[in-house]
Amino acid sequence: NISKVAQKNWLKYNRKSFPIINVDNFYIYGSYNNKNYSANKIPLKINASTAFGTGSHETTKCCLKALTFISRSRKLDRILDYGCGTGILGIASKKIFKRSKTTFVDIDKSAVKLTKENLKLNNILSDRVYLTNSYHSKKYKKIFFYDLIFANILFGSLKKLAPFFSLIIKPNSFLILSGLLNEQIPYIINQYNNFGFKEKKVFYINGWGSIIMKRNP
């Protein structure tokens, strides 16, 4: 069947329908939703848009759970949100590690623009946001080595990025890999073992998962 759909601002409609999401200690909401959150929750104001990462997908939730797990035992100074989308993971990190320096990288212009908007919404004004046409751009590769790298992207890209991540992460530091179906996780673990990473913990939600990998000394 074919029917005519009424013309409307679908992006605005999507933002208005954005649900409140609770993940561990995080409270995720959009700018159209001003409901109060409890004092013990960390607020993340993230506008829904064309970029990935509103907090509703299982892979993002797994990443936030992984971040909570790491934050219980480590303080982090340098963080990279690789394929940042809306910037939700880097913003969440910045809310926990307030003095950290966080870099946001994406190959999508709309994602970079939205990350900048969401940083302002969360009163984070000093972090680096880069657009690059290559995952191996020298523009951010030479900035510094990282204590934590997020990569919530795709299985194929994650497999290829193992040698690159091994070069830009500090020893004894963490890599959170996500965007993975449960059956893909063993293959990624095996690939990263070959480049000096060891599995620390895996989080699963509804057939999707995230892995915390630790860089060997």
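The values are calculated or read from the model by the stated rules, or taken from the named source; none is laboratory data. Keep in mind that this is a model prediction, so the values were computed, not measured. Cβ sites come from the backbone with ideal geometry, for glycine too, and all protein chains shown count toward neighbours. Heavy atoms of the whole protein, side chains included, go into the accessibility calculation; ligands, DNA and RNA do not. Shrake-Rupley method; radii C 1.70, N 1.55, O 1.52, S 1.80 Å.
Over the stretch 154-217, what per residue volume does the convex hull of the Cα atoms give, in whole Å³?
Taking only Cα atoms, the stretch 154-217 has a hull volume of 64 Å³ per residue.
Using heavy-atom solvent-accessible surface (probe 1.4 Å) with all chains present, what is the largest-first order of 94, 214?
Sorted by accessible area, descending: 214, 94.
By the gyration tensor of its Cα atoms, with a ≥ b ≥ c the square roots of the eigenvalues, what is the shape of the stretch 65-217: rounded for a/c under 1.5, prolate for a/b over b/c, or oblate?
Rounded shape, in that the Cα axes give a/c under 1.5.
Just order 180-188, 63-71 by mean Cβ neighbour count inside 10 Å, highest at the front, would you?
Listed from highest to lowest mean packing, they are 63-71, 180-188.
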